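In what follows, a single structure is set out as structure tokens and then discussed.
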Amino acid sequence: MIRLEHANLSVKNSEELTRFILAAFPDFRIRGEGSDAQGRAWRHVGNDDFYVALQSVPQANRHQPYGNDGGLNHLGWEVDDLEALETRMRKAGFEPNMTDDSHPARTRCYFYDPDGNDWEFVSYASTDPAERNDYSR
């Protein structure tokens, strides 16, 4: 078995990122928090199986996804109900920066979090891997 257990993000404001994550994932909670040896706050937001680790770095430079400086472009998440997620995110004050429903087997919606990280949410209309992984369109 191989699975992603957590992602770790350095963020300017862990409170705002926590609000973003909890809006996207209603089954997530703050699993734990504390500070490291340098006194920087950390927080784990997730469920029993997966979490996003937030490391507070208030002076962090804002990363530009898809830029020329390297780094994370986006985190991709599969969701059962993309429409419900989009409704929750808008209600929490987050607007999508892109939507794509041009593929018959999947619909995608992207949101920037308060630190400028791009989050992709995808919902599949098919369980067939050939349809889900079709990149010809």
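Each reported figure results from applying straightforward, stated rules to the coordinates on display, with no laboratory input. This one's a predicted model, so the numbers in the text were calculated from it and none came from an experiment. Every residue, glycine among them, receives a Cβ derived from its backbone with ideal geometry; neighbour counts consider all protein chains shown.
For the reader, a short list of remarks on this structure follows.
- Over the chain, Cα pairs under 8 Å with separation of 6+ residues give a relative contact order of 22 percent.
- Reported to the nearest whole Å, the Cα centre-to-centre distance from the range 70-132 to the range 24-60 is 22.
- Cα Rg over Rh - the range 1-45, Kirkwood: 1.00
- Relative protection proxy for 18-26, 89-97, from highest mean packing down: 18-26, 89-97 (other beta-carbon atoms within 10 angstrom).
- From helices alone, the chain scores -5000 deg cm²/dmol at 222 nm; the rule is -39500 (n - 2.57) for each run of n ≥ 4 DSSP H residues, then divide by the residue total.
- The fraction of all Cα pairs in the chain landing in successive 10 Å bins from 0 to the largest distance is 11, 37, 36, 13, 2, given as whole percents.
- What the Cα convex hull of the range 68-137 gives, in volume per residue, is 105 Å³.
- Most simply put, the chain has about 70% antiparallel DSSP beta bridges, counting only bridges with both residues inside it.
- By the Kirkwood approach, averaging reciprocal distances over each pair of separate Cα atoms, the range 38-98 gets a hydrodynamic radius of 14.8 Å.
- Kirkwood hydrodynamic radius (C-alpha pairs) into Stokes-Einstein, the range 7-71, 37 °C and 0.692 mPa s, D in µm²/s: 261
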